[in-house]
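Working notes for the structure below.
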Amino acid sequence: MSSITGEDVTIGHDDAHGHDDHDHKPEGFLARWVFTTNHKDIGTLYLVFALLMFFIGGSMAMVIRAELFMPGLQLVEPDFFNQMTTMHALIMVFGAVMPAWVGFANWMIPLMVGAPDMALPRMNNWSFWILPFAFTMLLSTLFMDSGGPAAGWTLYPPLSLQTGDSFAFVVFSVHMMGISSIMGAINIIATILNMRAPGMTLLRMPLFVWTWLITAYLLIAVMPVLAGAVTMLLTDHFFGTSFFNAAGGGDPVMFQHIFWFFGHPEVYIMILPAFGVVSEILPTFSRKPLFGYAAMVYATASIAFLSFIVWAHHMFTVGMPLEGELFFMYATMLIAVPTGVKVFNWVSTMWKGSMTFETPMLFAIGFVVLFTIGGLSGLMLAITASDLQYHDTYFVVAHFHYVLVPGAVFTLMAGAYYWLPKWSGNMYSERWGKIHFWLSTISVNVLFFPQHYLGLAGMPRRIPDYAPQFADFNMWSSLGGFAFGASQLIFVGVVIHCVFFSKVKATARVWEGAKGLEWTVPSPAPHHTFTHPPTVTASMVAHGEDH
Amino acid sequence: MAEHAEGTYYVPHGTRWPMTGSIGLATMLGSAGFWLNGSDTAMWTFYVGVAIIIYMIFGWFGQVIRESESGIYNAQVDTSFRMGMAWFIFSEVMFFACFFGALFYARALVVPWLGGSSNNASTNEILWQGFMAHWPTNGPGEVGGDFGTIPAFGIPFLNTLILLFSGVTITMAHHALKDGKRRALVLWLAATVALGALFLFYQVEEYVHAYRDLGLTLGSGIYGSTFFMLTGFHGLHVTLGAIMLTVILFRCMAGHFKPDSHFGFEAVAWYWHFVDVVWLGLFIFVYVL
């Protein structure tokens, strides 16, 4: 049986020639989408799944903001409110942002390094197809008698151990997400290290590939630790172990240490690919090579290393020894150095460039500005003495939403607009893309900026009711939230229009200033690309000459 | 076409095994949830899930083995498999690191703090009056009641020798494979499987002894928790490794693998060495110290 993929795809291959030879997609829904081993189809599955989860998690955020619109309890019971905050976070972190980045990795990494597919195509299928089962299991807990998990996404014991019937299902769904992530990460590392085309040396790789290589390493290092942590919760709950029970010689704080050993690298897992996407987009629309390519690579690696030794800054108030507090404070502030290198290089990339402001560029610039705000509030939180005041307030909520929404989510949008023409073969509506950007940018600031003031004034997070003094800022925040949520429907409209209805065909290069292997294949990218690897020279890569 | 098959990276078309695996995994874990919540029928669907996963593993690996034996994998595919296995083992290392971390943290910090060290004198005085830090311990609440511990230089030391020796035998098997000595290969590999089984036999005996005679259970406070979690997950991995070795043994008897191409063998050998190294950590930190 011949299972070798079609063989005459070459760079700049003209679509009409030999088309039916290599572009045959499997027929039928099951064969095309369920049994697929194709990195592009699996990438699409990841992206569609992530978008679905983005709206499910987003609707939970709408419930939260609706309840917080006014002081007092009006819409939901406090326990259901807690289920919403818990599930919103679990869904957004594990269901939306992470799978979306793996979707980008699937689509783009083989195209960017000149590989015929991911290194382990069957396992690639499994990485994705675990997720729908895991999230069905997680979401089903909302319909159980006990309701869903309500102890916060961090699952701190002893509170999380009081979860009812849903507890075991939450733990098992986290296990499944972990299996999916680890397999996805192994595949990405093997693809990057083993599948690069001749001439695609490590320091010629696009920065998106570099950031994903380091992200995948982080995933393999910390997802098993999360699995271990929730396993200990499970045995404490069902099998009488005492890991987090002081009477038995354990300690609930130990869970926090283990969780955040996973949790801090996890936040970089969500943001490093974002750094990569921005580092692709800014050079294209500035028509200049990325400033300080090698420094960007080393900065990414430094951030990843530091992410392993800062975890306890999430727990300054649990009563750690002073030496511990100081170490974690200084180590955390150190991260500002490589992150500062990145922001400096992004700004320098744009400096004196021939800039144009298509939608991907707008989202990327929005990211640079707004992510920096989130980064700076992170530095405030890193100061132990100040954090004692900020801890568990809306200031923390404002901080991590600034780095995750106008940070990770904006770059997901930027990347989607940037590569959508390559994926679909059609141009999206620039007009509606810009409307989406401006509505999102204005509303996201109305949504999250007031939360800084709420937190500084002392409003605690994860509480369905609040003192009347917080009413005005909460109302503004909720209005911004509704507007932001509604704005994202525009994105769905733009994508559907682009894929199914747009009449404007995309060229292979799509963007005037775009460089890199992915722009040398036709738009839409054929089902199989680079069956024979191209030979890469320095002039073909986005950052130009070698380093 | 054959020419290209030599040179190009093998990309399989369509596979139904991952979806089979997902259905099995969801059946197994979903049932486990209901089982833990007290449903009796869920126990049976749990086993159905396990059976589906076993079916998936046989089907999936069987297909890969057939493809490998038919020679359609080139050196680059081989490297992908190697990287996959190496990074999988790294993830397993981190999984064990989590439980070792729990052991170290509990022993070096939590228990002394409960006993009043650092700035915890008043906590000890008010909450856990009279509790003095010691190890092994089941905590100030003496959770699980009195218990004894397994001496390091009995069964555990014997098991250390068994596993170390099995590391030697599998290396001998590898050399035999590379030298094309098929009979020696099968014998050394069979010896490795036997040593793995012997290890598991003694481990079970030790558990029976702990539960029946020593009062040491999973519920014996932090000592019982860390002891059984670490040795239990290790035992599970030895079981898995022994099953993998057995499969490799049958494959060798069926004439699989060549002196210069035997990734499946090497992957299992790596895994076996990994299990061995984890045991050395266990022997030192759980039994001796």
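The values are calculated or read from the model by the stated rules, or taken from the named source; none is laboratory data. A quick note: this is a predicted structure, and the numbers were derived from the prediction, not measured. Reconstructed Cβ throughout: ideal geometry from the backbone, glycine too, with neighbour counts over all protein chains shown.
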Checklist (1) surrounded by fewer than 17 Cβ atoms within 10 Å (Cβ to Cβ); (2) over 18 Å from residue A:390 (Cα atoms) applied to residue A:469, failing item: (2)
Please determine whether any residue of segment A:116-125 is within 13 Å of another protein chain (Cβ to nearest Cβ) and closer than 25 Å to residue B:31 by Cβ. yes
Do any residues in segment B:1-14 that are hydroxyl-bearing (Ser, Thr, Tyr) have Cβ atoms under 6 Å from those of residues that are at pLDDT below 50, where the two are at least six apart or on different chains, and which pairs are they? B:8/A:4
Every listed condition ((1) part of a loop (DSSP other than H, G, I, E, B); (2) modelled with pLDDT under 95) holds for residue B:123 save (1)
Could you check segment A:334-451 for helices (runs of 4 or more DSSP H) lying wholly inside it with 1 or more residues that are touching a residue at least 40 places away in the same chain (Cβ under 8 Å) and of a type in the set (Asp, Glu)? A:384-390
Look through A:203, A:233, A:161 and report the one residue that is over 30 Å from residue B:111 (Cβ atoms), more than 9 Å from chain B (Cβ to nearest Cβ) and part of a helix (DSSP H, G or I). A:203
Checklist (1) in contact with a Leu (Cβ under 6 Å, 6 or more places away or on another chain); (2) within 23 Å of residue B:289 (Cβ to Cβ); (3) not β-branched (Val, Ile, Thr) applied to residue B:252, failing item: (2)
Please give the number of the condition residue A:119 fails out of (1) crowded, with 20+ Cβ neighbours inside 10 Å; (2) under 26 Å from residue A:408 (Cα atoms). (2)
Let me confirm something: among A:154, A:136, which residue is more than 13 Å from chain B (Cβ to nearest Cβ), more than 15 Å from residue A:80 (Cα to Cα) and polar (S, T, N, Q)? A:154
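Per-residue answers, yes or no, for (1) farther than 29 Å from residue A:192 by Cβ; (2) crowded, with 19+ Cβ neighbours inside 10 Å:
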| residue | (1), (2) |
| --- | --- |
| B:53 | yes, no |
| B:56 | no, yes |
| B:65 | no, no |
| B:79 | no, no |
Can you list residue pairs whose Cβ atoms sit under 6 Å apart, with the first residue in segment B:83-106 being more than 7 Å from chain A (Cβ to nearest Cβ) and the second being at pLDDT 95 or above? Count only pairs 6 or more apart in sequence or on different chains. B:85/B:267; B:89/B:274; B:96/B:278; B:103/B:226
Any idea which residue in segment B:10-34 is farthest from residue B:79 (Cα to Cα), counting only those that are of a type in the set (Val, Ile, Thr) and over 23 Å from the mean Cα position of the chain (by Cα)? B:23
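To keep it simple, each residue is scored yes or no on (1) at pLDDT below 95; (2) away from chain B (no Cβ under 12 Å); (3) crowded, with 18+ Cβ neighbours inside 10 Å.
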residue: A:31; (1), (2), (3): yes, no, no
residue: A:38; (1), (2), (3): no, no, yes
residue: A:49; (1), (2), (3): no, yes, yes
residue: A:53; (1), (2), (3): no, yes, yes
residue: A:61; (1), (2), (3): no, yes, yes
Can you name the number of the only condition in (1) in contact with a strand residue (DSSP E or B) (Cβ under 8 Å, 6 or more places away or on another chain); (2) surrounded by fewer than 19 Cβ atoms within 10 Å (Cβ to Cβ) that residue A:393 fails? (2)
Residue A:111 in a helix (DSSP H, G or I) and within 14 Å of another protein chain (Cβ to nearest Cβ): no
How many residues are on the phi > 0 side of the Ramachandran plot and more than 10 Å from chain A (Cβ to nearest Cβ) when one looks only at segment B:35-81? 1
Can you pull out the residues in segment A:246-279 that are within 12 Å of the chain's Cα centre (by Cα) and either over 20 Å from residue A:100 (Cα atoms) or of a type in the set (S, T, N, Q) (or both)? none
Kindly provide the set of residues from segment B:116-146 that are touching a Phe, Trp or Tyr at 6+ places or on another chain (Cβ under 9 Å) and more than 10 Å from chain A (Cβ to nearest Cβ), ordered by number. B:116, B:124
Under the condition of being closer than 14 Å to residue A:269 by Cα and more than 8 Å from chain B (Cβ to nearest Cβ), which residue from segment A:178-197 is surrounded by the fewest Cβ atoms within 10 Å (Cβ to Cβ)? A:178
